[in-house]
Amino acid sequence: MTPALYELPKAELHLHIEGTLEPEMVFALAERNGIELPFESVDDWKGRLQFASLQPFLDLYFASSIVLRQEQDFYDLAAAYLTKAHGQGVRHVEMFFDPQAHTQRGVALDDVITGLKRAMDDAHAELGITGGLILCFLRDLPVESAFATLDAVSPRALAGDIIGVGLDSTEVGYPPEIFTEVYARARGLGLHCVAHAGEEGGPEFVEGSLDALKCERIDHGIRSLQNPALVERLRESQVPLTVCPLSTVALRGVSTLAEHPLPRMLEAGLLVTLNSDDPSYFGGYIGDNYIAVQETFGFTDAAMAALAMNSIAASFAPAARKAELRAAVAAWVAAR
Ligand code: ADE
Ligand code: ZN
């Protein structure tokens with residue numbers, strides 16, 4: 001039987017499409033593209049899913065991403081994710097992708113975007129999923145590379161093929177202020193601005209993302225709790241935090257889910273959403289995150305629906321679409 005929380009309509013706002021690369025697809029695409037992998041088998045790959053921190057995860061994530069070469073690869077990856085996500089209640093998705101990870105291997109930027117966008121368009125037509133693409137800059141690459149990437153995508157940004165920019169990869173050592181001018185240019189193109197902050201870095205990364213980058217949402221942000229003044233600012237402004245519970249456990253941000261600060265964040269009045277981050281690596285897609293949270297914290301169905309409502313409020317969907325999605329969540333509650 002389908003779990004009820006898979007049927008709860010929701011928006012996914014923190015999802016790296018490269019992090020949905022399942023090991024079977026890693027090997028299938030390696031064969032399609034004649035790429036030699038540094039792993040022997042699916043089981044060998046799965047055996048590496050133990051991470052002491054963010055960096056060892058990123059090493060496996062980028063090593064696996066080398067199989068993505070052609071437009072069709074990006075299409076197949078996103079189509080597989082969208083089908084699976086739909087089965088777990090995703091009705092709107094704002095999908096991260098890491099173009100520099102691909103262009104530095106010689107993949108054409110247009111192939112990446114066209115493949116992902118084609119899958120999003122098909123998912124809209126066939127499954128009714130709405131959303132858009134958010135281009136993430138790799139913060140550990142030189143800022144000049146971020147500028148060059150942004151300039152290269154500007155025609156597609158102006159055409160609406162990309163809805164925003166984000167900032168990901170290694171956090172500590174790469175403060176948000178490095179990207180102040182890049183984000184100003186992105187805003188000039190009409191793009192939404194989000195950034196990973198407070199995942200491994202401290203609350204000052206969250207403050208810098210708000211002040212220097214003018215972010216509308218913060219990805220993770222859990223270390224904001226270390227600074228009461230920042231918590232008050234986030235409560236008052238209702239800037240959303242896209243929290244990823246299974247990810248934070250897998251990357252040892254907390255030792256067990258029971259220790260995750262989610263309940264404290266909600267009690268503090270923060271606008272928190274649940275997301276999957278890199279589901280192939282962290283043991284579950286978004287519905288699995290909802291289930292783990294309910295089981296661990298004993299939240300009621302109404303509390304879980306409130307989290308889904310948060311995901312809709314925090315999304316960049318137009319008002320009419322938000323109203324439709326809210327009605328769908330209300331219908332789920334009414335049927336419980
Ligand atoms: N890239 C993919 N997943 C990430 C995460 N959780 N943090 C930083 N960069 C990432
Ligand atoms: Zn992330």
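One line per residue, one yes/no per condition, for (1) over 19 Å from the mean Cα position of the chain (by Cα); (2) over 22 Å from PRO99 (Cβ atoms):
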{"residue": "GLY164", "(1), (2)": "no, no"}
{"residue": "TYR183", "(1), (2)": "no, no"}
{"residue": "LEU189", "(1), (2)": "yes, no"}
{"residue": "GLY198", "(1), (2)": "no, yes"}
{"residue": "PRO228", "(1), (2)": "yes, yes"}
{"residue": "VAL249", "(1), (2)": "no, yes"}
{"residue": "GLU259", "(1), (2)": "yes, yes"}
* So, in region 153-172, of the ones that are open to solvent by 60 Å² or more (accessible area, probe 1.4 Å) and in contact (Cβ under 8 Å) with a residue 24 or more places away in the chain, which residue ends up farthest from ligand 2 (Cβ to nearest atom)? -> LEU158
* Structure fact -> Residue pairs qualifying under the 6 Å Cβ cut-off, at least six apart or on distinct chains, with the first in region 306-323 being within 16 Å of ARG217 (Cα to Cα) and the second being of a type in the set (S, T, N, Q) and outside any helix (DSSP H, G or I), are ASN310/THR273; SER311/THR273; ALA314/THR273
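Is it the case that some residue within region 203-217 is in a helix (DSSP H, G or I), touching a helix residue (DSSP H, G or I) at 6+ places or on another chain (Cβ under 8 Å), within 16 Å of ligand 2 (Cβ to nearest atom) and open to solvent by less than 10 Å² (accessible area, probe 1.4 Å)? Let's see the steps before the verdict.
First, pick out the residues of region 203-217 that are in a helix (DSSP H, G or I): 203-211.
After this cut, where a residue has to be touching a helix residue (DSSP H, G or I) at 6+ places or on another chain (Cβ under 8 Å) as well, the list is 203, 205-210.
Subset that is within 16 Å of ligand 2 (Cβ to nearest atom): 205-206, 209.
Now restrict to residues that are open to solvent by less than 10 Å² (accessible area, probe 1.4 Å): 206, 209.
Checking region 203-217: at least one residue is in a helix (DSSP H, G or I), touching a helix residue (DSSP H, G or I) at 6+ places or on another chain (Cβ under 8 Å), within 16 Å of ligand 2 (Cβ to nearest atom) and open to solvent by less than 10 Å² (accessible area, probe 1.4 Å).
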* To do: Name the helices (runs of 4 or more DSSP H) wholly inside region 225-270 in which the number of residues that are touching a residue at least 40 places away in the same chain (Cβ under 8 Å) and within 23 Å of GLU94 (Cα to Cα) is 3 or more.
  => 245-250
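With region 44-142 as the region, which helices (runs of 4 or more DSSP H) entirely inside it contain at least 1 residues that are basic (Lys, Arg), away from ligand 2 (no atom under 16 Å from the Cβ) and open to solvent by 10 Å² or more (accessible area, probe 1.4 Å)?
On the way: elements: 54-65, 71-87, 99-103, 109-127.
Because the criterion is at least 1 residues that are basic (Lys, Arg), away from ligand 2 (no atom under 16 Å from the Cβ) and open to solvent by 10 Å² or more (accessible area, probe 1.4 Å), the helices (runs of 4 or more DSSP H) in region 44-142 that meet it are 71-87, 109-127.
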* What are the residue pairs meeting all of these: first residue in region 271-300, first residue in contact (Cβ under 8 Å) with a residue 12 or more places away in the chain, second residue part of a loop (DSSP other than H, G, I, E, B) and charged (D, E, K, R), Cβ atoms under 7 Å, and 6 or more apart or on different chains? -> SER280/GLU22
* Matching residues, region 28-43, being open to solvent by 40 Å² or more (accessible area, probe 1.4 Å), more than 12 Å from SER64 (Cβ to Cβ) and not small (Gly, Ala, Ser) -> GLU31, ARG32, GLU36, GLU40, ASP43
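The values are calculated or read from the model by the stated rules, or taken from the named source; none is laboratory data. All values reported here derive from a predicted model rather than from experimental measurement. Note: ideal-geometry Cβ built from the backbone for every residue, glycine included; neighbour counts use all protein chains shown. For the accessible areas, the whole protein counts, side chains as well, though only heavy atoms, and no ligand, DNA or RNA atoms are used. Shrake-Rupley method; radii C 1.70, N 1.55, O 1.52, S 1.80 Å.
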